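Bear in mind these aren't lab numbers, they're just calculated from the coordinates by the rules spelled out. Given the structure is predicted, the values throughout are model-derived calculations rather than measurements. No Cβ is skipped: glycine too gets one built from the backbone with ideal geometry, and neighbour counts run over all protein chains shown.
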Amino acid sequence: MAMIFQQVATDRGCQSYLIGCSETRSAVIVDPESSLTDRYLALLNQEGLRLHYLIDTHTHADHFSASQTLSSQLDVPVIMHRASPAPFVAFHVDDGEMVRVGNLKLEIMHTPGHTGDSISILAEDRILTGDTLLIGGTGRTDLPGGNPGELYLSLFNKLLKLDPALTVYPAHIYSNRSCTTLGEELTKNPRLQVHEESAFIEMMNSLNLNMPDHLTEALRTNLTGGKTVAGLIAEAADKVPFMSLAVLANRLQNKDCDLLVLDVREADAFRQAHIPGAINIPRGQLELRVNTELRDPTQRILIYCQLGKISTLAAATLKQLGFDRAIALDGGFSAWQEQNYPVSQPG
Ligand SMILES: [Fe+2]
């Protein structure tokens, strides 16, 4: 039976996999990443597939899972291991269980060690190993839920006992390869040459790796289904139009009286320097002061902040409050100053 298989990677090497049944056109996405959601939707369309499940191989500490977002957008359940704490998981699986995707059978293996909830997924001639087994490496065991003794057992008593011809697709790749085989890893992976359990544990405990970027945010969002800060700003950006720095400078020069320029930085920053003619309502006071200071909901309001991110949130808030003509500046006051546009410096 033909399996549709697409590997989709981020530029930081996070791998996700779209697996489809060519007969029924059913599909699953494994380890979806939040910056790739449009890619997955496009691929599903292009391949003529309907998504049935989303699977995370473990609670990721270093990438932002798109499972919850895609789950609510497409109304499909998220599958994770029984030990996964995330509240949005609809369907918990355990070692030896199977997920059917059309006529494809995905076998679940519990392979803890990198995290307690790590699974590997056997799909015909290939195995998705999450962060348990990587190309030339293994998942680290020093992050929350990690356990080198469990990783040893998952590798040596489970994965490495499978057919060496299996193709291995991990959740992270740190080279320009796309996959490996179990046989190749058995002979060439340096960490798998340490066969003694105690020596393996000692090796894993002495790796002394840097903490991944965004660890706190990734764990927070992946465990709770909460939003990332970038996701929150991107959602706001979908709801507001933007004006470029050059167009604003031009409007100010031409004394465009229709445009109210609103600075949402803190009062101290505003006092030091601001865009000429701007008024100041700090972002934290916007809802408190909107009724007294922005009386005309039909007014065209251009909002800016220091870096162009908080202003996007503020513009989306004003839109929600009925200011239909709220616009965010594309860039912030820092960029405005860098480009030598005019500034008022009252002090
Ligand atoms: Fe991981």
Worksheet, complete the sentence: Label model pair Gln193, Thr37: point-to-point distance (7 angstrom along the Cα→beta-carbon line) in nm is 4.5
Fill in: Kirkwood-based Rg to Rh ratio, segment 198-259, C-alpha trace
1.41
Discussion item. Using only Cα atoms and rounding to the nearest 10 degrees, what angle (0 to 90) does helix 215-224 make with the longest principal axis of the chain?
Written reply: 80
Worksheet item: How high is the relative contact order of segment 244-306, given as a whole-number percent (alpha carbon pairs under 8 Å, six or more residues apart)?
Response: 43
Worksheet item: Can you give the angle from 0 to 90° between the axis of helix 310-320 and the longest principal axis of the chain, with both taken from C-alpha atoms, to the nearest 10?
Response: 80
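Which FRET efficiency, nearest 0.05, do Asp296 and Thr224 yield, Cβ-Cβ r, R0 25 Å?
For R0 = 25 Å, the calculated efficiency reads 0.05.
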Discussion item. Can you return the lysines within cross-link range of Lys161? Criterion is Cα-Cα under 17 Å, with same-chain partners fewer than 8 residues away left out.
Written reply: Lys188
Response to the item:
Expressed in nanometres to one decimal, the distance between label points 7 Å along Cα→Cβ at Arg100 and Ala269 is 5.7
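Using only Cα atoms, what Kirkwood radius does segment 278-347 have, in angstroms? Write out the running numbers ahead of the final one.
Values: mean 1/r = 0.0786 Å⁻¹.
Computed over Cα pairs of segment 278-347, the Kirkwood hydrodynamic radius comes out at 12.7 Å.
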Worksheet item: Given the C-alpha centroids of segment 186-221 and segment 144-165, what is the distance between them in whole angstrom?
Response: 12
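Taking 0.36 nm per residue of sequence separation and subtracting the Cα-Cα distance, how much length would be gained by fully extending the chain between Ser72 and Arg50, in nm to one decimal?
Values: separation 22, 0.36 × 22 = 7.92 nm, distance 1.47 nm.
Extra length available between Ser72 and Arg50 comes to 6.4 nm.
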Practice prompt. Grab the beta carbon distance between Arg177 and Glu338, set R0 = 56 Å, and tell me the FRET efficiency rounded to 0.05.
Written response: 0.85
Discussion item. Straight-line reach only, C-alpha to C-alpha below 14 angstrom: list the aspartates and glutamates that Lys309 could link to, leaving out same-chain residues fewer than 8 apart.
Written reply: Glu235, Asp238, Asp263, Asp330
Practice prompt. Quickly work out the Glu235-to-Leu209 label distance, labels modelled 7 Å from Cα along the C-beta direction, and quote it in nm with one decimal.
Written response: 3.1
Discussion item. Please compute one quarter of the surface area of the Cα convex hull for segment 167-233 and express it in square nanometres.
Written reply: 7.0
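Have a look at the DSSP beta bridges in the chain and tell me what percent are antiparallel, nearest 5.
Working: 29 of 56 bridges.
In the chain, approximately 50 percent of DSSP beta bridges are antiparallel ones.
With an 8 Å Cα cut-off and a minimum separation of 6 or more residues, compute the relative contact order for the chain in percent. Intermediate values should be presented prior to the final figure.
Working: 684 pairs, mean separation 39.6, N = 347.
Once normalised by length, the contact order is 11 percent.
Per residue, how much space in cubic angstrom lies within the convex hull of the C-alpha atoms of segment 1-110?
Working: hull volume 10.7 nm³, N = 110.
It comes to 98 Å³ per residue, whole-number rounded.
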Worksheet item: Going 7 Å from the Cα of Asp324 in the Cα-to-Cβ direction, what parts of segment 257-298 have a backbone nitrogen less than 15 Å from that spot?
Response: 296-298
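Evaluated at 20 °C with a viscosity of 1.002 mPa s, what Stokes-Einstein diffusion coefficient in µm²/s does the chain have when Rh comes from the Kirkwood expression over alpha-carbon pairs?
Values: Rh = 22.9 Å.
For the chosen part, D equals 93 µm²/s.
What does the charge add up to near Ile135, with Lys and Arg as +1, Asp and Glu as -1, over the other residues with Cβ less than 13 Å from its Cβ?
Values: positive: Arg177, Lys188, Arg191; negative: Asp131, Glu184, Glu185.
Every neighbour counted, the sum reads 0.
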Worksheet entry | segment 231-338: C-alpha gyration tensor shape, a/c 1.5 cut-off, then a/b vs b/c | rounded
Worksheet item: So for Ile310, Ile127, fewest C-beta neighbours within 10 Å to most, what's the order?
Response: Ile310, Ile127
Discussion item. Mean-square fluctuation check for the chain, GNM, Cα pairs under 10 Å: which of Thr141, Thr298, Thr180 is largest?
Written reply: Thr298
